[in-house]
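The values are calculated or read from the model by the stated rules, or taken from the named source; none is laboratory data. Source: prediction; values computed, not measured. We place every Cβ from the backbone using ideal geometry, glycine too, and count neighbours over all the protein chains shown. Each accessible area value is taken on the protein alone, full model and side chains, heavy atoms only, with ligands, DNA and RNA left out. Shrake-Rupley method; radii C 1.70, N 1.55, O 1.52, S 1.80 Å.
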Amino acid sequence: MTAQLIFDFPRLGHYSLDRFVGDLGEQALAVRGEPLWISGAAESGKSHLLQGLCQTVEAEQARVVYLNLEPTLDPAILRDLAAFDLVALDQLDAVIGQPDWELALFDLDNSVRDLGDSWLVLASETPLPMIAFQLADFASRARAMHWMQTGQLTDDEKVVVLKRVAQETGFQLPDEVLKFLLDRSPREIGTLIGLLNRLAKESLRAQRRLTVPFLKQILEL
């Protein structure tokens, strides 16, 4: 294996599967070993799910690799990745449509199938059926993969996530403030978490309890 394949996988505890809201983690593990494509809008949990799968498999003393694909990378970076027990490739939108990348992905999928003991998991924002592939062979192979979609969380699930963030950050999040956030703020969970962190910092800086009037003042509502 070449030196380029020595990866430092980021062990982010908050991206574990037991912190992923919903049952997609269990669904993904149920098809473990079979190629899996995950689609979903930004901030819908794709990266969390992929890294959670990596941490789960790595905990079994297996070798995993998680990689964000970027146009600046050389497609050759995918060579020999089938030697890992789990190959998780994120942000495929950045490279799909480029024949050299699609060929490299097709070759990787072939290698994974030939070895038979590796698991390939791919993720994109664009739903799999809507992707405009350039390489017919890879298009056919990709569309035959298991396909899962992450979705926006329900309000109840957002409450669980935001309360957990508040608890771990160490500040009180009154129910009326939480309800106001959900009613008046952007719906994406990533944006809501960023807003909550901002409010926590402002509350600490001003030495004021987080209330709806204070929230309105910060957000200039």
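Tally time: how many residues in the stretch 1-60 are small (Gly, Ala, Ser), at pLDDT 80 or above and more than 23 Å from residue 129 (Cβ to Cβ)?
Total meeting the criteria: 3.
Report yes if some residue within the stretch 139-149 is over 29 Å from residue 92 (Cβ atoms) and buried (at least 18 other Cβ atoms within 10 Å of the Cβ); otherwise report no.
Step one: of the stretch 139-149, the residues over 29 Å from residue 92 (Cβ atoms) are none.
Among the residues of the stretch 139-149, not one is over 29 Å from residue 92 (Cβ atoms) and buried (at least 18 other Cβ atoms within 10 Å of the Cβ), which makes the answer no.
Could you grab me the full set of residues in the stretch 48-72 that are assigned to a loop (DSSP other than H, G, I, E, B) and open to solvent by less than 50 Å² (accessible area, probe 1.4 Å)? First the steps, then the outcome.
From the stretch 48-72, those assigned to a loop (DSSP other than H, G, I, E, B) are 59-63, 69-72; that's our starting set.
Once the filter is applied, which keeps residues that are assigned to a loop (DSSP other than H, G, I, E, B) and open to solvent by less than 50 Å² (accessible area, probe 1.4 Å), the stretch 48-72 yields 62, 69.
Keeping to the stretch 36-47, report how many residues are open to solvent by less than 30 Å² (accessible area, probe 1.4 Å) and either under 11 Å from residue 123 (Cα atoms) or not in a loop (DSSP other than H, G, I, E, B) (or both).
First, pick out the residues of the stretch 36-47 that are open to solvent by less than 30 Å² (accessible area, probe 1.4 Å): 36-40, 44-46.
Now restrict to residues that are either under 11 Å from residue 123 (Cα atoms) or not in a loop (DSSP other than H, G, I, E, B) (or both): 36-40, 45-46.
So the answer is 7.
Consider only pairs whose beta carbons are under 8 Å apart and that are at least six residues apart or on different chains; among these, list those whose first residue lies in the stretch 67-93 and is in contact (Cβ under 8 Å) with a residue 24 or more places away in the chain and closer than 17 Å to residue 118 by Cα and whose second residue is exposed (fewer than 14 other Cβ atoms within 10 Å of the Cβ) and among the hydrophobic types (A, V, I, L, M, F, W, C).
Taking only residues 6 or more apart or on different chains, the pairs are 80/1; 82/115; 83/1; 83/115.
Pick out the one residue from 107, 183, 114, 156 that is at pLDDT 80 or above, open to solvent by 80 Å² or more (accessible area, probe 1.4 Å), in contact with a helix residue (DSSP H, G or I) (Cβ under 9 Å, 6 or more places away or on another chain) and of a type in the set (Asp, Glu). Explain how you work it out, then say what you get.
Values: 107 fails: open to solvent by 80 Å² or more (accessible area, probe 1.4 Å); 183 fails: in contact with a helix residue (DSSP H, G or I) (Cβ under 9 Å, 6 or more places away or on another chain); 156 fails: in contact with a helix residue (DSSP H, G or I) (Cβ under 9 Å, 6 or more places away or on another chain).
Only one candidate passes the filter, namely 114.
Report, by residue number, each residue of the stretch 22-35 that is surrounded by fewer than 20 Cβ atoms within 10 Å (Cβ to Cβ) and either among the small types (Gly, Ala, Ser) or touching a Gly at 6+ places or on another chain (Cβ under 8 Å) (or both).
Scanning the stretch 22-35 gives 22, 30, 33.
Do any residues in the stretch 136-151 that are acidic (Asp, Glu) have Cβ atoms under 8 Å from those of residues that are surrounded by 14 or more Cβ atoms within 10 Å (Cβ to Cβ) and assigned to a helix (DSSP H, G or I), where the two are at least six apart or on different chains, and which pairs are they?
137/106
Give 204, 219 a once-over and let me know the one that is surrounded by 13 or more Cβ atoms within 10 Å (Cβ to Cβ), under 28 Å from residue 42 (Cα atoms) and at pLDDT below 85.
From the options 204, 219, the qualifying one is 219.
Here is a list of conditions, (1) at pLDDT below 90; (2) surrounded by 16 or more Cβ atoms within 10 Å (Cβ to Cβ); (3) among the aliphatic types (A, V, I, L, M); (4) not in a helix (DSSP H, G or I), and residue 121 meets all of them except one; can you say which number that is?
(1)
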